[in-house]
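Undergrad: There's a structure below that I have some questions on.
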Amino acid sequence: MCGIAGMLTTTPGEAPDGDAVRRMCDAMVHRGPDDHGFLRSGPCALGHRRLSIIDLRPEGAQPMTNEDDSIAVVVNGEIYNIQELRRDLESKGHRFKSRSDSEVLVHLYEERGVDFLDHLRGMFALALWDGPRRRLILARDRFGKKPLFYHAGPDGLLFASELGALAESNRFERRPNIDAIDAFLCLQYVPSPWTAYEGVRKLPAGSRLVCENGRIGEPERYFELRFDRPIQGSLPELTERLHAQIDEAVRVRMVSDVPLGAFLSGGVDSSLIVAMMAQHSAKPVKTFAVGFTSKDFSELPYAQMVAERYGTDHHEIVVQPDMASVIPEFVRHYGEPFADSSALPTWYLCEYTRTGVTVALSGDGGDEAFSGYRRYSHSRTARALRQLPRPIPSVLAKAIGGIPIPAAQQVRDFGRRLMEPEHVRFLGLAAHIPHEDRLALYSRAMRDRFAVDPVARRFGELYAASTATDPVNRLLDLDIQTYLTDDILTKVDIASMAHSLEVRCPLVDQDLMVFAASLPGEVKLRGLTTKLILREVAKPLLPEKILKRPKQGFGLPVDRWMREELAPMSRDVLLDRTARERGLFEPSAVHALLRQHQRGEPRGDQIWALMMLELWYREFIDR
């Protein structure tokens, strides 16, 4: 696990700016505190920060080259099928100087060309330079577990593992991307391929970008998760096959030359991972949990239940977040606006886990692969109501949407969206500031610009292009392409790497995800039971209380904070002259939002998102 950066010049005879590459790497010391490397070859410069996980010797340092140094690679991540690839390459005459997975990539490229990515099983973002062909390849793993940002300008290409590091190159103007800001306010994250800066892009998951002979290419997909290849079988048969898939995904992620452990929240996903780790480990698995003084947001009793069952070496900490100190650091590390409040407990969990291990396994991905969120069952309910004889659906929509109780906001939203198209209704369930609420906050210029919701348009395009043949899987496909990559995996990558911790996600294993996509929606969501087949796998392994408890999530009491502890900070940040003069929002509308929340109408998530946006402006644009 590392940080990578680099530059490719496209002006003939011009050398790459090595100082800019070094600045980008220096900004990512937290991603790789153990070592650093730099290589310049013709028009290309590659930089690397190393967190040593496999092959701790100096021979494993990057950039890694082939025998004659004509091909070089820097990679962030882990490749789990590296031994099989290495044996095959050795049988073909390739010789190795280290045990590093990065060296295997160089030889695999020599053997397979640009299609070498098809043979990798793991999480990675990489840059490979082929000197003789003057070819640079940037690539990202199939589900975007590892990030990669780039800027293509008139004098060449810049790239880095973090957006903040890319900005440290000082080779592009930091102009805010207003379209990305609108999408952020809707979703609480900036969706790929946008970033918060104009002219800077995220390389999409499962994509590569090839630059050759001074020409910068366009991203192209080398992998697409398909839902139109169903498999047949009874629920017990499919459960047995899924058990084997998860068990294998856990096993291959337990290879490490440094201490390894697991996150344990007490939910089904992380508990299942710990249970399977225990079956593969001769020693007690090290498990880590974080709780909060607000018991409504603490899952520690459930984590303890699993830890006792499997005799883990369990560690837990109860924290009272020091918001004044952590928020500025949080904003700096994410590099663009990010408002998922669960990122804060994830931050504390990673910080605490790093005191005991260097690698941790997590349960992320289970909800998106197997239908774990309430919005999936809400969508099923809406589909059932819409199938009632007319005019019953529209009458119900009007009645539910008009419920006059302030605390019933989510119920009212459900009613108001009942008659909308599926993807629009689903976006409404997932949105933190829906389109109509954004318009109410925006200045006149912003209202004119976003009169038609571009996020809904994008969701509609993805929904229509889905290969899924049933409505449950179509929504899972939509979430995997958006929420999983740009929120969940981004949250974990930044929070973990900020503390030099590698996190591996067995439930986002590519073979497992392909298998999950082949399962019919009815074995994932049955009635109102979410993650049906995953619960069947876990049934013999976990206590019944874990299996039957409702999903709690990993959030924080944002509504209370914004009404109490953070109320002064939110007013200071959102109502001062600096914020008012940006031209994004009507000051009176922001005032009204704050008053609504103080009166008891829950608007904490929306206020939190506005704060994260304004603090990002001050950290990265104003400076």
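Undergrad: Looking at Lys551, Lys524, Lys531, Lys539, can you tell me which residue is without any contact (Cβ under 8 Å) to a residue 12 or more places away in the chain and closer than 30 Å to Ala384 by Cα?
TA: After applying the criteria, what remains is Lys539.
Undergrad: Restricting to segment 348-381, and then to whatever is out of contact with any helix residue (DSSP H, G or I) (no Cβ under 6 Å at 6 or more places or on another chain) and among the hydrophobic types (A, V, I, L, M, F, W, C), can you tell me which residue is nearest to Gly291 (Cα to Cα)?
TA: Going through the qualifying residues, I end up with Leu349.
Undergrad: Shifting gears a bit: Any residue at all in segment 431-450 that's under 30 Å from Ile231 (Cα atoms), of a type in the set (Phe, Trp, Tyr) and open to solvent by less than 40 Å² (accessible area, probe 1.4 Å)?
TA: Let us first name the residues in segment 431-450 that are under 30 Å from Ile231 (Cα atoms), namely none.
Looking for residues that are under 30 Å from Ile231 (Cα atoms), of a type in the set (Phe, Trp, Tyr) and open to solvent by less than 40 Å² (accessible area, probe 1.4 Å), one finds none in segment 431-450, hence no.
Undergrad: Continuing with the same structure: Could you say which residue among Leu594, Leu519, Leu542 is part of a helix (DSSP H, G or I) and open to solvent by less than 40 Å² (accessible area, probe 1.4 Å)?
TA: Values: Leu519 fails: part of a helix (DSSP H, G or I); Leu542 fails: part of a helix (DSSP H, G or I).
Just one listed residue meets the conditions, Leu594.
Undergrad: Looking at Ile621, Ile607 in this structure, which one is under 29 Å from Gly164 (Cβ atoms), among the aliphatic types (A, V, I, L, M) and surrounded by fewer than 20 Cβ atoms within 10 Å (Cβ to Cβ)?
TA: Unique residue meeting the criteria: Ile621.
Undergrad: Whether any residue in segment 22-38 is over 20 Å from Leu501 (Cα atoms) and either among the aliphatic types (A, V, I, L, M) or modelled with pLDDT under 90 (or both) is what I want to check.
TA: No, because not a single residue in segment 22-38 is over 20 Å from Leu501 (Cα atoms) and either among the aliphatic types (A, V, I, L, M) or modelled with pLDDT under 90 (or both).
Undergrad: Are any residues in segment 122-163 closer than 18 Å to Asp493 by Cα, in contact with a Ser or Thr (Cβ under 7 Å, 6 or more places away or on another chain) and either part of a helix (DSSP H, G or I) or not aliphatic (A, V, I, L, M) (or both), and if so, which ones?
TA: Arg140, Phe143, Gly144, Pro147, Phe149, Leu163
Undergrad: Something else about it: Quick test for you: out of Arg226, Arg251, Arg215, pick the one residue that is more than 21 Å from the chain's Cα centre (by Cα) and closer than 24 Å to Ala369 by Cα. Write out each step before concluding.
TA: On the way: Arg226 fails: more than 21 Å from the chain's Cα centre (by Cα); Arg215 fails: closer than 24 Å to Ala369 by Cα.
Exactly one of Arg226, Arg251, Arg215 is more than 21 Å from the chain's Cα centre (by Cα) and closer than 24 Å to Ala369 by Cα, namely Arg251.
Undergrad: Being surrounded by 23 or more Cβ atoms within 10 Å (Cβ to Cβ), over 23 Å from the mean Cα position of the chain (by Cα) and among the small types (Gly, Ala, Ser) is the filter here, so list the residues in segment 276-306 that pass it.
TA: Ala303
Undergrad: For Tyr310, indicate whether it is within 30 Å of Val252 (Cβ to Cβ), open to solvent by 40 Å² or more (accessible area, probe 1.4 Å), modelled with pLDDT under 95 and of a type outside the set (A, V, I, L, M).
TA: It is false that Tyr310 is within 30 Å of Val252 (Cβ to Cβ), open to solvent by 40 Å² or more (accessible area, probe 1.4 Å), modelled with pLDDT under 95 and of a type outside the set (A, V, I, L, M).
Undergrad: State all residues of segment 492-516 that are in a helix (DSSP H, G or I), small (Gly, Ala, Ser) and either under 27 Å from Leu163 (Cβ atoms) or modelled with pLDDT under 95 (or both); if no residue qualifies, say none.
TA: Residues satisfying the conditions are Ala495, Ser496.
Undergrad: Just wondering, is there one or more residues in segment 112-120 that are in contact with a strand residue (DSSP E or B) (Cβ under 8 Å, 6 or more places away or on another chain), over 24 Å from Met7 (Cα atoms), crowded, with 24+ Cβ neighbours inside 10 Å and touching a residue at least 24 places away in the same chain (Cβ under 8 Å)?
TA: Among the residues of segment 112-120, at least one is in contact with a strand residue (DSSP E or B) (Cβ under 8 Å, 6 or more places away or on another chain), over 24 Å from Met7 (Cα atoms), crowded, with 24+ Cβ neighbours inside 10 Å and touching a residue at least 24 places away in the same chain (Cβ under 8 Å), which makes the answer yes.
Undergrad: Filter segment 175-210 down to residues that are within 21 Å of Arg332 (Cβ to Cβ) and either at pLDDT below 95 or of a type in the set (S, T, N, Q) (or both) and give me whichever is surrounded by the most Cβ atoms within 10 Å (Cβ to Cβ).
TA: Residue satisfying both the conditions and the ranking: Gln188.
Undergrad: Quick test of your reading of the structure: Asp69 fulfils all but one of (1) open to solvent by 70 Å² or more (accessible area, probe 1.4 Å); (2) among the charged types (D, E, K, R); (3) assigned to a helix (DSSP H, G or I). Name the failing condition by number.
TA: Single failed check for Asp69: (3).
Undergrad: On to the next question. Could you list, in sequence order, all residues of segment 324-343 that are buried (at least 19 other Cβ atoms within 10 Å of the Cβ) and either free of Cβ contacts under 8 Å to residues at least 24 places away in the same chain or of a type in the set (Phe, Trp, Tyr) (or both)?
TA: Phe330, Tyr334, Phe338
Undergrad: Here is a follow-up. Restricting attention to segment 451-491, which residues are acidic (Asp, Glu), part of a helix (DSSP H, G or I) and surrounded by fewer than 16 Cβ atoms within 10 Å (Cβ to Cβ)?
TA: Glu461
Undergrad: In this structure, is Ser100 within 21 Å of Ile4 (Cβ to Cβ), in contact with a Pro (Cβ under 6 Å, 6 or more places away or on another chain) and of a type outside the set (A, V, I, L, M, F, W, C)?
TA: no
Undergrad: Taking Phe172 as meeting all but one of (1) within 21 Å of the chain's Cα centre (by Cα); (2) without any contact (Cβ under 8 Å) to a residue 60 or more places away in the chain; (3) open to solvent by less than 40 Å² (accessible area, probe 1.4 Å), write down the number of the exception.
TA: Against the list (1) within 21 Å of the chain's Cα centre (by Cα); (2) without any contact (Cβ under 8 Å) to a residue 60 or more places away in the chain; (3) open to solvent by less than 40 Å² (accessible area, probe 1.4 Å), Phe172 comes up short only on (1).
The values are calculated or read from the model by the stated rules, or taken from the named source; none is laboratory data. Note that this is a predicted model, so its numbers are computed, not measured. Cβ sites come from the backbone with ideal geometry, for glycine too, and all protein chains shown count toward neighbours. Ligands, DNA and RNA are excluded from the accessible area calculation, which covers all protein heavy atoms including side chains. Shrake-Rupley method; radii C 1.70, N 1.55, O 1.52, S 1.80 Å.
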